[in-house]
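Notes for the one structure printed next.
The values are calculated or read from the model by the stated rules, or taken from the named source; none is laboratory data. As the structure is a computational prediction, the values presented were derived from the model and not from experiment. As a convention, Cβ positions derive from the backbone with ideal geometry for all residues, glycine included, and neighbour counts pool all protein chains shown.
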Amino acid sequence: MSKPSIASINTVKSPDISREKSSALYETAKGYFPGGVNSPVRAFKSVFGSPLFIEKGDGCFVWDADGNKFIDFCCSWGPLILGHNNPVVKEHVLKAIDNGMSFGAPTALENDLASLILSNNKKIEKIRFVSSGTEAVMSAIRLARGYTKRDKILKFDGCYHGHVDSLLVKAGSGLVTFGETSSAGVPQSFAEETVVIPLNDKDAVRAAFEQFKDQIAAIIIEGIPANNGLLIQDKDFVHFLRDITKENGSLLIFDEVITGFRLGFEGAAAYYDVNPDIITYGKIIGGGMPVGAYGASAEIMGNISPEGSVYQAGTLSGNPVAMSAGIGQLSQLLKPGFYEELLSKTAGFVSDIQEFADQRGYAFKIFTIGSLFWFAFTDKDIKTAAAIDASSMQYFKVFHRELLNRGIYIGPSGYEVGFVSAAHSQAELESAKKAIFDSLDIVFLKDHA
Ligand SMILES: *Cc1c(COP(=O)(O)O)cnc(C)c1O
């Protein structure tokens, strides 16, 4: 069905929630931080209004500075798989803090978190903790280059890997391209070490290996690309990447900063039944504290300093408070049935919304896997960045405003995915659904056309 014009939608919008205090805080913040924020998407640039300043969270709820309460599907962009203020995670943090904040020396907590992960994840043998997903990816890239003694990295258009210089690169035109920097401050010579190709395109991968024979250190791909829509790749394509990297002496890096511990304890690697050479983690691993990690076989990890010659370090790496939060969170994910329950809850939620939209004939599709979902104003199947229609984002913008006005908080961009946590109860999902139905009716102008 054709979509109504934005001007006509705006004549039927619902009354806005009060944003007085958030707006005042944002004005102040603009004097302190570039764009008023410490990470760009938070600035609400692609939706209506200015950012909501969050005061507290509990379970699946957050409250903003004006006292508005929301059911939260952003969940800090993924880390909070158990919801906000999980009592066990909190207890672990408080217990660790009693002993001090940081030592810059090894602690038993690092062993405990590593043991919890390695004994339940057969995809890696050794791990190194860092402080963010970006740092994990940056280190994995260096490791791949050091190990293979090659420089070029092959990445996919539509995958985000943090703000690593050589990966802040977008596709140029043509099937296989040298990257073009997508950020000022990244030298073109760095971008030239990155080859960018479309997702879900075997020919492009083959062409890249022909064109840059014996130069490609690694292919990096998100476990499930989930930072530019949710671009679920076929199992066959992922296995093809495993095979072609092996044949060419290149490594396969799975960036599981979102999907690690999310699709299951062993992440997308287990979901696809594939064995990547290096895997990066972040988000969930730290229970809401700043932790990232990368892991690989003992042989590959043996190249990391001080065992090997690839340097990587961190003053706050393996921070005891953060390790303890990670232990508190990951140990709960290992309880039998944890993922099954989260998955079936999400599947029910998503399919009810899809059914509603289909019955009304709305051009709206939810892409979903595990407890991830992506609301897209389309009726097409989307597997590549190029297949996303940028003009559909104006409908997301209205949808976002209507959801906020009905007490639903999702990431402020139509390219971002949403997260269901274990703290979202059936009753809360029911009320979220109702708000989503009403918001869709506004976007598609039901009864107003
Ligand atoms: C979030 C994310 C990153 C970056 O992690 P930060 O902790 O924000 O630095 C890298 N890769 C993927 C796939 C991510 O989702």
For segment 249-303 the number of residues that are in contact with a Gly (Cβ under 6 Å, 6 or more places away or on another chain) and more than 16 Å from the ligand (Cβ to nearest atom) is 3
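Determine if segment 372-387 includes at least one residue that is touching a Pro at 6+ places or on another chain (Cβ under 6 Å), among the β-branched types (Val, Ile, Thr) and within 30 Å of LYS170 (Cα to Cα).
So the first thing to find is which residues in segment 372-387 are touching a Pro at 6+ places or on another chain (Cβ under 6 Å), and the list is 384.
Next, only the ones that are among the β-branched types (Val, Ile, Thr) stay: 384.
Still in the running and within 30 Å of LYS170 (Cα to Cα): 384.
The answer is yes, given that some residue of segment 372-387 is touching a Pro at 6+ places or on another chain (Cβ under 6 Å), among the β-branched types (Val, Ile, Thr) and within 30 Å of LYS170 (Cα to Cα).
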Looking at segment 317-342, which of the residues that are under 23 Å from the mean Cα position of the chain (by Cα) and surrounded by fewer than 18 Cβ atoms within 10 Å (Cβ to Cβ) is nearest to LEU440 (Cα to Cα)?
GLU341
Could you give every pair whose Cβ atoms fall below 8 Å, whose first residue belongs to segment 128-141 and is under 13 Å from GLY326 (Cβ atoms), and whose second residue is near the ligand (Cβ under 8 Å from one of its atoms), counting only separations of at least 6 or pairs across chains?
PHE129/GLY292; VAL130/ALA136; VAL130/GLY292; SER131/PRO290; SER131/GLY292
Which ones in segment 186-214 are more than 19 Å from ASP243 (Cα to Cα) and over 24 Å from the mean Cα position of the chain (by Cα)?
PRO187, GLN188, SER189, PHE190, GLU192, GLU193
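State yes or no: is VAL238 of a type in the set (Val, Ile, Thr), farther than 25 Å from PHE364 by Cα and within 16 Å of the ligand (Cβ to nearest atom)?
Details: of a type in the set (Val, Ile, Thr): yes; farther than 25 Å from PHE364 by Cα: yes; within 16 Å of the ligand (Cβ to nearest atom): yes.
Answer is yes for this residue.
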Counting only residues that are touching a residue at least 40 places away in the same chain (Cβ under 8 Å) and out of contact with any Pro (no Cβ under 9 Å at 6 or more places or on another chain), give me the helices (runs of 4 or more DSSP H) lying completely in segment 217-313 with at least 3 of them.
267-271, 298-301
Would you check which residues across segment 139-163 are within 9 Å of the ligand (Cβ to nearest atom) and surrounded by 24 or more Cβ atoms within 10 Å (Cβ to Cβ) and list them?
HIS161
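Residue by residue, here is whether (1) assigned by TED's automatic domain parsing to the domain that holds PHE209; (2) over 25 Å from LEU199 (Cα atoms) holds:
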site: VAL238; (1), (2): yes, no
site: ASP243; (1), (2): yes, no
site: GLU247; (1), (2): yes, no
site: PHE261; (1), (2): yes, no
site: ILE279; (1), (2): yes, no
site: MET301; (1), (2): yes, yes
site: VAL310; (1), (2): yes, yes
site: ALA325; (1), (2): no, yes
site: GLN332; (1), (2): no, yes
Cβ contacts < 7 Å: first residue among the charged types (D, E, K, R), restricted to segment 45-57; second residue surrounded by fewer than 20 Cβ atoms within 10 Å (Cβ to Cβ) and in a loop (DSSP other than H, G, I, E, B), any location; separation 6+ or different chain. Result?
GLU55/ALA65
Test for PHE265: is it under 17 Å from the mean Cα position of the chain (by Cα) and either modelled with pLDDT of 95 or more or crowded, with 24+ Cβ neighbours inside 10 Å (or both):
yes
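Let's see how each residue does on (1) outside the structural domain of CYS159 (by TED's automatic domain parsing); (2) under 20 Å from the mean Cα position of the chain (by Cα); (3) in contact (Cβ under 8 Å) with a residue 60 or more places away in the chain:
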{"position": "SER344", "(1), (2), (3)": "yes, no, no"}
{"position": "SER351", "(1), (2), (3)": "yes, no, no"}
{"position": "GLN359", "(1), (2), (3)": "yes, no, no"}
{"position": "LEU372", "(1), (2), (3)": "yes, yes, yes"}
{"position": "PHE375", "(1), (2), (3)": "yes, yes, no"}
{"position": "ASP381", "(1), (2), (3)": "yes, no, no"}
{"position": "ALA386", "(1), (2), (3)": "yes, yes, yes"}
{"position": "SER391", "(1), (2), (3)": "yes, no, no"}
{"position": "GLN394", "(1), (2), (3)": "yes, no, yes"}
So SER344, is it over 20 Å from LEU113 (Cβ atoms) and at pLDDT 95 or above:
yes
Restricting to segment 96-113, and then to whatever is surrounded by fewer than 19 Cβ atoms within 10 Å (Cβ to Cβ) and small (Gly, Ala, Ser), can you tell me which residue is farthest from GLU266 (Cα to Cα)?
GLY100
